[in-house]
Amino acid sequence: MVTSERAISGKRIPKVLAITIGFNTLIAIFLTYIGYGQGFSLNFIFSQSIGLFICACVLFGEYFFQSRSPARNALLIAAAIITGTVAGSFLASALTGIPLSLMWQGEPISLLQLLFLGLLFGSIITYFFSSREKIAQAQALIQEERIKRLSLEKEGLETRLQLLQAQVEPHFLFNSLSNILSLLDTDAGRGKEMLADLIRYLRASLSRTRGKTATLEQEMELIRAYMNIYKVRMGDRLRYRIEIPDHLKARPFPPMLIQPLVENAIRHGLEPKIEGGEISIMAQENEDYLRLAVSDTGIGLDEKTPAGIGLSNIRERLQTLFNGRGRLILEENIPSGLNAILEIPNEKNGSPHRG
Amino acid sequence: MKKMEALIADDEEPLRRYLKAMLCEVWPELVICGEARNGREALEFISKHQPEIVFLDIRMPGLGGMEVARKITGACRVVFVTAYDEYAVEAFEKGAVDYLLKPVTRERLEKTVKRLQQQISTRSQPSLDATERVERLLADLANRRSPNYLRWVRVQHKDGVRLIPVEEVCFFQASEKYTLVVTKGSESLIRKTIKELAGELDPG
């Protein structure tokens, strides 16, 4: 932060100097106009040297001593203006050949008056610069906010697309369609049923990726459609059961946490296993957690199987949804397969921490 | 003359039936002498009956179509069948081994059949050339898959064995013959020395 401000103040120095010289000239013209001092040239030399010294002192103070407290900054600026006025008066006296002792007595220009004028104009000009800077900062902030908002929107879209792609994986889609096509010739009734399941599944997936929340029972409908599709494809190599207690069915459940676990269980657990196996989905709750377990009797997880995008996606979503209070646990099933357990905070009474 | 024989290997029954029916229409002289539900069954059948042609699904339980093709090294003419495998499709296109995409269309199957008939009529042997190509494809696929680093740490827990993704581990700490695995919410000892672990982890 500090370094970037310094870089900016370094870049703007020529501009600040030019504006200051302009102001100084205006001040000299103004003072001559109201009849102050002894002619324009004298006023010009005094106002330039005092003004430029003030400017140098303020920049110098800003560069080396700037602090976060506004009171200290105001004090710093006042000190810089006074120092600048005194030093500028010395310079002007040297340039014009008017001795300081004369000026001290008020001839031809009074030192005290100079100090007063320096403070007056110095404050006005400093105020001008600081408000200009504030406006620039505010604009930069607005710009930054806009960029942040746009990139957040983009991120949200990307996540949705990723989720959709994960749910409607091309291999799944084409394989299911081939099955439907083949059934239409041989067993049209089953083919139609499978097509209906695929439609149900796609529709539900699409509405979930649009962020619509669903109940546990609605999530299970999606899962049932998904499993039925696989059941046609895998035949009796796939068996499944779903046990959700009635009182949990209407409970809202974050979308798209369960489906990737079921997909994992089928694709990496049961499909590669020659004799197939069973998937069971069970829900339970206690005081603190709603627990949903997806268990399979498949080939289990090899220590070197790359963790799929699905699982890390679930972990990330649990983190953002429940801020560290939701988790995904993977356990080896006995005698074979995997238990994937989702634990999300139980907030049925609106109080996540009871007892 | 002996009739041309073919085997269809796919784990999904409706798809086997579908391909069989379509082949009957497109190539009525071809005899589908068998069906296999996985790679192992396919291998057994091939060694017993030596069909002229095999249609191999890529993704099958136990043994995939590619592995089967490698094991039979040129014993039959192989046509791969796959629903969607971006790597494989790309690789096939380079390697020119014939392949079919599911759902198999009649037009595409006719093309494959014509190609097969041509090869057979010129009496070229199912060449070792093709075997080489399969080998290359497999090597190519293996390269694309990530190398064998440890992805999960197996940890004994009161309810059973838990699997912790390596990315979740904050650090490992050596403790004689054991190693302490520390994650955000837990600490566990595993029966592996830190040296063994270091050899298995992705250095990246």
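For the stretch A:302-318, the count of residues that are free of Cβ contacts under 8 Å to residues at least 40 places away in the same chain, under 17 Å from A:E331 (Cβ atoms) and acidic (D, E) is nonzero. Residues that are assigned to a loop (DSSP other than H, G, I, E, B), closer than 25 Å to A:R203 by Cβ and within 14 Å of chain B (Cβ to nearest Cβ) within the stretch A:255-276 comprise just one, A:E271. For the stretch A:166-184, filtering for residues that are surrounded by fewer than 18 Cβ atoms within 10 Å (Cβ to Cβ), more than 7 Å from chain B (Cβ to nearest Cβ) and in a helix (DSSP H, G or I) leaves 2. Could you please let me know if A:A265 is small (G, A, S) and within 23 Å of A:G337 (Cβ to Cβ)? The answer is yes for A:A265. Anything in the stretch A:212-227 that is assigned to a helix (DSSP H, G or I), surrounded by fewer than 20 Cβ atoms within 10 Å (Cβ to Cβ) and free of Cβ contacts under 8 Å to residues at least 40 places away in the same chain? List them, or say none. Listed by number, the residues that qualify are A:E217, A:Q218, A:E221, A:R224.
Okay, residues lined up against (1) crowded, with 20+ Cβ neighbours inside 10 Å; (2) among the charged types (D, E, K, R):
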| site | (1), (2) |
| --- | --- |
| A:I242 | no, no |
| A:M256 | yes, no |
| A:Q259 | yes, no |
| A:I266 | yes, no |
| A:R291 | no, yes |
| A:E303 | no, yes |
| A:R325 | no, yes |
| A:I329 | no, no |
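Take the residues in the stretch A:84-117 that are in a helix (DSSP H, G or I) and hydroxyl-bearing (S, T, Y), then tell me which one is surrounded by the most Cβ atoms within 10 Å (Cβ to Cβ). Per the criteria, the residue is A:T85.
As a summary of the residue check, A:L330 satisfies the conditions (1) modelled with pLDDT of 90 or more; (2) within 13 Å of another protein chain (Cβ to nearest Cβ); (3) more than 13 Å from A:L261 (Cβ to Cβ) except for the one numbered (3). Determine if the stretch A:198-217 includes at least one residue that is within 14 Å of chain B (Cβ to nearest Cβ) and closer than 23 Å to A:G269 by Cα. The answer is yes, given that some residue of the stretch A:198-217 is within 14 Å of chain B (Cβ to nearest Cβ) and closer than 23 Å to A:G269 by Cα. Quick one: how many residues across the stretch B:27-62 are more than 14 Å from chain A (Cβ to nearest Cβ), part of a helix (DSSP H, G or I) and among the hydrophobic types (A, V, I, L, M, F, W, C)? So the count comes out to 2.
The values are calculated or read from the model by the stated rules, or taken from the named source; none is laboratory data. Computed from a predicted structure; not experimentally measured. Heads up, the Cβs are rebuilt from the backbone with ideal geometry, glycines too, and the neighbour counts pull from every protein chain shown.
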